[in-house]
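Student: Sharing a structure below in C-alpha cells format, with a few things to ask.
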Amino acid sequence: MARSAPHHPFAAIVVAAGKGLRAGGEQPKQFQNWRGKPLVRHSVEALLAQGAEEVVVVIPRGFSDFAGKILSDLKNVRTIMGGKTRRASVLKALEAFADMPPAYILIHDAARPDLPPEVTQLLLEALEEHVGAIPVLPVVDSIAVADGDMMSGKAERETLRRVQTPQAFRYDEIMAAHRAWDRESEAGDDAQVLKSYGREVCLVEGSERLKKMTFAEDFLTNIPAVRIGQGFDVHRLVEGEELWLCGIKIDHDKGLAGHSDADVAIHAVVDALLGAIGDGDIGTHFPPTEKKWKGAPSPLFLEHAVKLVEKAGYAIGNIDLTLICEEPKIGPHRPAMREKLAELLRVDAGHVSVKATTTERLGFTGRGEGIAAQAIASLYRV
C-alpha cells in the first residue's frame, strides 16, 4: 500500500528501556533477533520509512554500546538512557526534542516491530483535529471481572478496546501533560497521561499486525511455518569394518569407514535436519578432528539434531531417505531401518521413508566402493 505524505512533519520516540525478562534469553527482548534483526531496529526502520524526521530510542542503562552498534548506520536516530519508570523514560525522550520541537510526536514500543503504514497515517490525520490519538482494536472475547480466583462480575466488552502503539500527540500538549504529572501511581501509557491532563484522546483503527512481543513463544510464532532441509553423505566400503545403516547393524563382508561408526544414512538425515534449521552440518557439531567422536554411534548425532530442531521451535514432519548402493540389498532391511529411524526421531514410522536405488554399476557406488545417502527433511512450526 502506498503511503500518502503526512500532513505535518513528525518525530518519534521508541521506548526500549525495559528489561524484557518474560521473553527469556540473555538480552532484553528488544535486542533479541526477530526476522533476522534486533526487535528494536524493526520499529525504528518502520518509523523512518513512514516519514519520521528524527527518532529517539530510549535504552536501558548499560546497553549504549550495544544499541549503538545495531543502530549506528541509521540516519536521524539517537539514543538516550531511560529513567526509573516508563513514564520517566518518555519524559526524558520528550525533553530531548525541546530545542527544536516537532509539531507531532509518535511514541512507540520497541516490542511492536510490525508497524503498518496505514495505522501511522490514520494517527497523523487524527491529529489535525485532536491533540492525541491512539490505535485500538475491539475486544472479541467475553470479559469477566475477577476477585482472586472467583468471578465477581461481567464487563461490557462493547465499551472496551485493546490499546496499541504508536500513540500520537501534538508535541506541546503531551510534553505539558508529562511535566504536570504529579501522581504517585504510574500511568499505564501516554494516552492516560494526556487524559489526566484534561485533554481528549481520539481512537483510530489499529491492526493485528501490531501484536506486542512479550514471551519467548511470541518470537517462535514468527518463524516460517514449514522448513525443508537436504543432507548428502558418502562413506567408503572396506574390509574389516562393521556396516551400520539407519542404526541397524547389517551382515556384510565389508563395512563403512569413517571417524564414527560411519552410518551414512543417519549422517545424511542429521545434515538434512541441521540444514532445515540453518544450523551448520554434522561436521560443525561433531568434528572428525576430535578424538571423543572416534567410533561414536551415529544415533548420538541424530538425537542431538532432534533436540536442536525442538529448541528452534519445530517438529519433524517427515524424512525421505534414499540409499545409493549396489550391495547390500536394502529391501530385506527396510522395515527395521524405518522403525529404528522413527524411534530415534521420536515420530511415527509413517513419517519416515527409506528407499534404495543403484547407479546401474556406474561410478564408485556402482563399483561397490562405497555407499551414498541422500535425505530430505521437512519441519513444521509448533
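The values are calculated or read from the model by the stated rules, or taken from the named source; none is laboratory data. Note that this is a predicted model, so its numbers are computed, not measured. Heads up, the Cβs are rebuilt from the backbone with ideal geometry, glycines too, and the neighbour counts pull from every protein chain shown.
Student: Mind checking which residues of the range 156-174 are buried (at least 19 other Cβ atoms within 10 Å of the Cβ) and not hydroxyl-bearing (Ser, Thr, Tyr)?
Tutor: Gln164, Pro166, Gln167, Ala168, Phe169, Arg170, Ile174, listed by residue number.
Student: Right, here's the next one. Which residues, taken from the range 344-356, are in contact (Cβ under 8 Å) with a residue 40 or more places away in the chain and part of a helix (DSSP H, G or I)?
Tutor: Within the range 344-356, Leu344, Leu345 qualify.
Student: Confirm whether Lys291 is more than 19 Å from Arg381 (Cα to Cα), of a type in the set (Lys, Arg) and within 34 Å of the chain's Cα centre (by Cα). Quick ask: steps written out before the conclusion?
Tutor: On the way: more than 19 Å from Arg381 (Cα to Cα): yes; of a type in the set (Lys, Arg): yes; within 34 Å of the chain's Cα centre (by Cα): no.
When the stated conditions are applied, Lys291 does not pass them.
Student: Step by step: first the residues of the range 254-276, then only those that are touching a Leu at 6+ places or on another chain (Cβ under 9 Å) and of a type in the set (D, E, K, R), then the one that is nearest to Gly370 (Cα to Cα). Which residue is that?
Tutor: Ranking the qualifying residues of the range 254-276, first place goes to Lys254.
Every residue, every condition in (1) at pLDDT 85 or above; (2) touching a strand residue (DSSP E or B) at 6+ places or on another chain (Cβ under 9 Å); (3) part of a loop (DSSP other than H, G, I, E, B), yes or no:
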{"position": "Gly153", "(1), (2), (3)": "no, yes, no"}
{"position": "Arg183", "(1), (2), (3)": "no, no, yes"}
{"position": "Ala191", "(1), (2), (3)": "yes, yes, no"}
{"position": "Leu194", "(1), (2), (3)": "yes, yes, no"}
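Student: Right, here's the next one. Considering only the range 101-117, state which residues are outside any strand (DSSP E or B) and within 8 Å of Val14 (Cα to Cα).
Tutor: Ala110
Student: Going by the structure shown, is Val145 touching a residue at least 40 places away in the same chain (Cβ under 8 Å) and surrounded by fewer than 24 Cβ atoms within 10 Å (Cβ to Cβ)?
Tutor: Here the answer is no, as Val145 does not meet what is asked.
Student: Between a residue in the range 90-104 that is in the same structural domain as Val56 (by TED's automatic domain parsing) and any residue that is modelled with pLDDT of 95 or more and in a loop (DSSP other than H, G, I, E, B), which pairs come within a Cβ distance under 8 Å, given they are 6 or more apart or on different chains?
Tutor: Between residues of the range 90-104 that are in the same structural domain as Val56 (by TED's automatic domain parsing) and residues that are modelled with pLDDT of 95 or more and in a loop (DSSP other than H, G, I, E, B), the close pairs are Phe97/Glu54; Pro102/Glu53; Pro102/Glu54; Tyr104/Leu127.
Student: Separate question: Tally the residues that are part of a helix (DSSP H, G or I) and not β-branched (Val, Ile, Thr), restricting the search to the range 281-337.
Tutor: Of the residues in that region, 23 qualify.
Student: Separate question: So which residues in the range 118-151 are closer than 12 Å to Pro166 by Cβ and in a loop (DSSP other than H, G, I, E, B)?
Tutor: Across the range 118-151, the qualifying residue is only Leu127.
Student: Within the range 357-380, track down each residue that is without any contact (Cβ under 8 Å) to a residue 12 or more places away in the chain and touching a helix residue (DSSP H, G or I) at 6+ places or on another chain (Cβ under 7 Å).
Tutor: Glu360
Student: In the range 290-312, is there at least one residue being farther than 21 Å from His252 by Cβ and of a type in the set (S, T, N, Q)?
Tutor: no
Student: Same structure, new question: Just checking, how many residues over the range 226-240 are within 20 Å of Asp271 (Cα to Cα) and of a type in the set (A, V, I, L, M, F, W, C)?
Tutor: So the count comes out to 4.
Student: Separate question: With the structure loaded, tell me whether Ala312 is in contact with an Asp or Glu (Cβ under 9 Å, 6 or more places away or on another chain) and crowded, with 21+ Cβ neighbours inside 10 Å or whether it fails that test. I'd like the intermediate steps shown before the answer.
Tutor: Numbers: in contact with an Asp or Glu (Cβ under 9 Å, 6 or more places away or on another chain): yes; crowded, with 21+ Cβ neighbours inside 10 Å: no.
No; evaluated as a whole, the condition is false for this residue.
Student: Here are some residues: Ser43, Ser72, Ser89, Ser64. Which one is farther than 23 Å from Phe10 by Cα and polar (S, T, N, Q)? Full working, then the answer.
Tutor: Numbers: Ser43 fails: farther than 23 Å from Phe10 by Cα; Ser72 fails: farther than 23 Å from Phe10 by Cα; Ser89 fails: farther than 23 Å from Phe10 by Cα.
The match here is Ser64.
Student: Continuing with this model, one more query. Tell me the residue from Val270, Val264 that is crowded, with 16+ Cβ neighbours inside 10 Å, closer than 30 Å to Trp34 by Cβ and of a type outside the set (Asp, Glu), please.
Tutor: Numbers: Val264 fails: closer than 30 Å to Trp34 by Cβ.
Going through Val270, Val264 in turn, just one is crowded, with 16+ Cβ neighbours inside 10 Å, closer than 30 Å to Trp34 by Cβ and of a type outside the set (Asp, Glu): Val270.
Student: Let me ask something additional. From Ala88, Ala98, which residue is more than 24 Å from the chain's Cα centre (by Cα), modelled with pLDDT under 95 and assigned to a helix (DSSP H, G or I)?
Tutor: Ala88
Student: Can you find a residue in the range 206-220 that is farther than 30 Å from Ala312 by Cβ and assigned by TED's automatic domain parsing to the domain that holds Thr79?
Tutor: So far as the range 206-220 goes, yes, one or more of its residues are farther than 30 Å from Ala312 by Cβ and assigned by TED's automatic domain parsing to the domain that holds Thr79.
Student: Which members of the range 27-66 meet the condition of being part of a helix (DSSP H, G or I), more than 20 Å from Ala312 (Cβ to Cβ) and at pLDDT below 90?
Tutor: Gln30, Ser64, Asp65, Phe66
Student: Looking at the range 155-177 only, could you name the residues that are at pLDDT below 95 and in a helix (DSSP H, G or I)?
Tutor: The answer is Arg157, Glu158, Thr159.
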